[in-house]
Every structure is written in structure tokens, then in C-alpha cells.
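The values are calculated or read from the model by the stated rules, or taken from the named source; none is laboratory data. Since the structure is predicted, the reported quantities are computational estimates derived from the model, not experimental observations. When we count neighbours, we look across all protein chains shown, and the Cβ atoms used for this are built from the backbone with ideal geometry, even at glycine. When the accessible area is computed, the model is the full protein with side chains, heavy atoms only, and any ligands, DNA or RNA have been set aside. Shrake-Rupley method; radii C 1.70, N 1.55, O 1.52, S 1.80 Å.
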Amino acid sequence: MNTKKILVLTGVALLVFFLVTQPQASAGIVTNIVSTIKDAAEAIITFVSHVFNP
């Protein structure tokens, strides 16, 4: 088994363990990640809008 596969399986196992043992904390982390992605997308849209519509 190669190292990359072992690391991926270990990461998935830790993720599942964290989701099962601390679901509220997991939900908070997911909410923060989605919010950060949304904010980044809005910033990119604003930037592009200002570049093409001065």
C-alpha cells in the first residue's frame, strides 16, 4: 500500500471519528468553511465587476 493511500484513509477515519464524537463542533466548522468560501466568491465577483464596469 502506498503512502498517499494510507494518509487519505487515515484522514477519512479521523474525519468520521470527529463527526461521530462531536457533531455540533463539526457542524460549526462546516458552516465556517462554507461562509469563508461564500465570502471569497463574493469578493472575486466584486473585483471582476469593478474591473469591467468602472
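Which of the following residues is loosely packed, with under 10 Cβ neighbours inside 10 Å and at negative phi: 10, 31, 36, 3?
Details: 10 fails: loosely packed, with under 10 Cβ neighbours inside 10 Å; 31 fails: loosely packed, with under 10 Cβ neighbours inside 10 Å; 36 fails: loosely packed, with under 10 Cβ neighbours inside 10 Å.
After applying the criteria, what remains is 3.
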Original post:
Is there a residue being modelled with pLDDT under 90 and assigned to a helix (DSSP H, G or I) anywhere in the stretch 32-47?
Top reply: no
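Open to solvent by 90 Å² or more (accessible area, probe 1.4 Å) and out of contact with any strand residue (DSSP E or B) (no Cβ under 7 Å at 6 or more places or on another chain): does that describe residue 19?
Working: open to solvent by 90 Å² or more (accessible area, probe 1.4 Å): no; out of contact with any strand residue (DSSP E or B) (no Cβ under 7 Å at 6 or more places or on another chain): yes.
Against the criterion (open to solvent by 90 Å² or more (accessible area, probe 1.4 Å) and out of contact with any strand residue (DSSP E or B) (no Cβ under 7 Å at 6 or more places or on another chain)), residue 19 does not qualify.
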